[in-house]
1. In whole Hz and in residue order, list the ³J(HN,Hα) couplings for the stretch 49-61 that follow from phi through the Karplus curve 6.51 cos²θ - 1.76 cosθ + 1.60, θ = phi - 60°; x for Gly and Pro.
2. Work out the FRET efficiency for Ala26 and Arg75 from their Cβ-Cβ distance, taking R0 = 22 Å, and round it to the nearest 0.05.
3. Can you tally the net charge around Ala77? Count Lys and Arg as +1, Asp and Glu as -1, for every other residue whose Cβ sits under 11 Å from the Cβ of Ala77.
4. Calculate the length of the line joining the C-alpha centroid of the stretch 37-65 to that of the stretch 1-29, in whole Å.
5. Taking amide H atoms as placed 1.01 Å from N in the peptide plane, list the residues 5 or more away in sequence, or in a different chain, whose amide H sits under 5 Å from that of Ala62.
6. Of the options Phe54, Ile2, Ser24, report the single residue whose Cα projects farthest towards the positive end of the charge dipole of the stretch 1-67 (beta-carbon charges: Lys, Arg +1; Asp, Glu -1).
7. Which of rounded, prolate, oblate describes the stretch 1-69, given a ≥ b ≥ c as roots of the alpha-carbon gyration tensor eigenvalues and a/c under 1.5 marking rounded, otherwise prolate only if a/b is larger than b/c?
Amino acid sequence: MIYVDRPSWPGRGRLWSHLISDVSLAELHAFAEMLGAPRRGFDRDHYDVPAERFAMAVWLGAQVVPSRDIVRLLRDANLRRPKHLSRPRPDLSTADHAVVARVEADKKPMKPATTA
């Protein structure tokens, strides 16, 4: 099931809602795509949805719940991802070098294993 709270969270000159799923993040991403919400609106376990899209979310089938129920629903579904437990995003500039170094290392011939 998809849930949305009423737009009441201010930010960037607008009011925002939280859009969640109690089934899976895959369900949430699919619904957000139907809603036209950009992927950049996803924040660990929910989408931030501007007030202008609230009515469309409800029309598409999202259940309106009080804001205080959003975290409870995520916890009950074991989908809550608090900020303090989120992994930092990898630094892609160093990751690219690590991949190249590993590929180069794989090109070197290996010694055959010896048995005793």
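Every read-out reported here was derived from the displayed coordinates using simple, explicitly stated rules and does not represent laboratory data. Note that the coordinates shown come from a computational prediction; the quantities given were computed from them, not determined experimentally. Please note: Cβ atoms are built from the backbone with ideal geometry, for glycine as well, and neighbour counts cover all protein chains shown.
1. 10, x, 3, 5, 9, 4, 4, 5, 4, 5, 4, 6, x
2. Working: r = 19 Å, r/R0 = 0.86.
Computed FRET efficiency for Ala26 and Arg75: 0.70.
3. Working: positive: Arg72, Arg75, Arg80; negative: Asp22, Glu27, Asp45, Asp76.
Taking every other residue near Ala77 into account, the sum is -1.
4. What the calculation gives is 4 Å, centre to centre.
5. Residues meeting the amide H criterion: none.
6. Positive-most Cα among the choices belongs to Phe54.
7. On the way: a/c = 1.41, a/b = 1.25, b/c = 1.12.
Rounded is the answer for the stretch 1-69, as its axis ratio a/c remains below 1.5.
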